Amino acid sequence: MTSNPALAANTKPWRDPAAKPFISIRNVTKRFGDFTAVDDVSLDVYRSELFCLLGGSGCGKSTLLRMLSGFETPTAGQILIDGQDMAGVPADKRPTNMMFQSYALFPHMSVEKNIAYGLLREGKSKAEAYERVGEMLKLVKLEKFASRKPHQLSGGQRQRVALARALAKQPKLLLLDEPLGALDKKLREETQFELVNIQETLGVTFIVVTHDQDEAMTLATRIGVMTEGVITQVGEPREIYETPKSRFVADFIGSVNLIEGKAGPAAPDLMRVETDDLGPVVVPPTAGLTQGQTVWLAIRPERVWLTREPRPDIANSVPGVVQDMGYVGHMSSYVVRLANGRLIRVTQANESRRDTPITWDEQVHVGFEPSDFRVLTQ
Amino acid sequence: MKRGWFLPIVATLGFAFLYAPIVSLVIFSFNESRLVTVWGGFSTRWYGELLDDGQMLGAAWISLKVGAWAASIATVMGTLAAFVLTRFGKFRGKLLMTGMITAPLVMPEVIIGLSLLLLFVAMEGVLGWPAGRGMLTVIIAHATFTAAYVAVIAQSRLRDMDESLEEAARDLGAGPVRVFFDITLPVIAPALVSGWLLAFTLSLDDLVIASFVSGPGASTLPMVIFSKVRLGVSPDVNALATIIIGIVALAVTVAGVLLMRQSKRMR
């Protein structure tokens, strides 16, 4: 392994404008007939990153992955891996390996032979190949299953064989298509961390395609949110969650209250937004807004204050009634109806056992700190 | 739901309609009497007589050889055709090719036989090959029409097969030819075995096409039986028919079991 694992986990090359990207996707477009699956996408991924492409079904994320692996040819644009142009390089000659959603384990070969397949194609001797197979089996903790056939394994074991097979050739780039999609919830959570550990140990660059936002948040160094063939925002999980750039991203990642309003006059300190639902609201000043422009205020449910008494210390506070409530154990989620019928989602951590919790039909006040609002223009 | 009496009766009648003639043939093959329709007690006499009939045994041997060759050629051709149709995406004339490959399934045998005969005669005139009609022409003819059956079986198997298996092999560094032999072929092998068995059975059964394209010294078993029966049904034909039914039933069962087992394992 070339890179220092600790370094790989802690550095953030995408913040350094001088850093050289390891994978460059430049203005790539893919059309199938009249349908544009990927529309002029440009993206840089750095060495040892675990990059997640996140999006709903049909957003083009899998097509983008298949273009990286060489199963699809871009209609336009260029893909560079480690400085090398991939145009005209067939799938079997690319320095990438892929872990398929269906795992695609060869049903007529044992676990061992599945993992050795790629190594033998590379021209390695049998002895060398099987030594490497041993290492890989140890990495994924399947030493005892070497001679089993795929249909004799559980779903989780198959997933690990697929990972071992894809990693065996030490690819420069590992592509993972919904790697945890076929596992049940409990196993998925365990496997998430295992995957991150393996990635950090080996320092291999991963690009993961997923539709599961929790998975993306847990795994990724950075996330690219895709919709309709376009990457709408790229950023660290925290950035994507805390500072979404559009209503789509805000709504797609986690849940959010979106309140429409008109921007007030520009102000140096705090600015006002006139809204129908909450009346005038004070928000932090946002650059580039003209007076009267339509904006959307996004606020996460966990950032909304929910109290029985009004809170004069919070700049924005509105009365309402609890319409719905759900208890999830570590937290409770509420739906509060304001006077004009607008519903606001609120979640509260259940930190103490002593309080009497707020419940259905109670008169409450919802409070919004100005700094918790994110002002969106699109 | 109550079953009632209607369905069992219909099922019984249906099966009787299909299998009563075959059962009576099997029973009469063990008939002692020389008269085919008069029961004269149990005996295996006609089976013994069959073994002494040189013409019959010779024809059986030819039929088996023709069947094995034709089925093997048909399996190769049918598999290639199916592979092209399922894996090459869209290409010009794909619909036409699909239709043309499956056409022999519904084409009257007389027409297949006649057209092949005309082709062979014309080819002999122009190319000098195949010289005359004989076993070779029967093999070619049988391979042609049974390839359609193999293609249909192989096609459905290839369509069921997870294409990402082939992509995974490509991804791991195998070229397209290697992928075909390492991955595709082993995965669809059971379907090909059952396709071969089906082609073999069809070739063994065929009378019409063989009559058209066969030549002197290359009479297949059905041809010999048919010419014998024209002179009156003799009981040894019953014995022979029973043996053929046994072989065909075995082949069909093996093919079915193979296909079923594989579809279970792939799930």
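Here, each number is a calculation from the coordinates, and none is a lab measurement. None of these values were measured; they are calculated from a predicted model. A quick note on method: Cβ atoms are made from the backbone with ideal geometry, for glycine too, and the neighbour counts reach across all protein chains shown.
See the values below:
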item: Number of positions in the range A:86-123 that are facing chain B (nearest Cβ under 9 Å), buried (at least 18 other Cβ atoms within 10 Å of the Cβ) and small (Gly, Ala, Ser); result: 3
item: Residue match in the range A:151-163 (condition: within 12 Å of chain B (Cβ to nearest Cβ) and surrounded by fewer than 19 Cβ atoms within 10 Å (Cβ to Cβ)); result: yes
item: Evaluation of residue A:48 against (1) touching a residue at least 60 places away in the same chain (Cβ under 8 Å); (2) out of contact with any helix residue (DSSP H, G or I) (no Cβ under 7 Å at 6 or more places or on another chain); (3) away from every other protein chain (no Cβ under 14 Å); (4) part of a loop (DSSP other than H, G, I, E, B) (one fails), failing number; result: (2)
item: Residue B:171 vs. criteria without any contact (Cβ under 8 Å) to a residue 12 or more places away in the chain and crowded, with 21+ Cβ neighbours inside 10 Å; result: yes
item: In the range B:9-42, residue nearest to the chain's Cα centre (by Cα) [restricted to those that are under 12 Å from residue B:238 (Cα atoms) and part of a helix (DSSP H, G or I)]; result: B:22
item: Where residue B:158 falls short, out of the listed (1) within 22 Å of the chain's Cα centre (by Cα); (2) under 25 Å from residue B:29 (Cα atoms); result: (2)
item: Yes/no for residue B:57 being surrounded by fewer than 17 Cβ atoms within 10 Å (Cβ to Cβ), without any contact (Cβ under 8 Å) to a residue 24 or more places away in the chain and part of a helix (DSSP H, G or I); result: yes
item: Residue in the range B:77-87 that is of a type in the set (S, T, N, Q) and within 23 Å of residue B:157 (Cβ to Cβ) present; result: yes
item: Subset tally (residues that are assigned to a helix (DSSP H, G or I) and within 14 Å of another protein chain (Cβ to nearest Cβ)) for the range B:131-173; result: 11
item: Total residues in the range B:174-191, condition outside any helix (DSSP H, G or I) and either more than 11 Å from chain A (Cβ to nearest Cβ) or closer than 17 Å to residue A:116 by Cβ (or both); result: 1
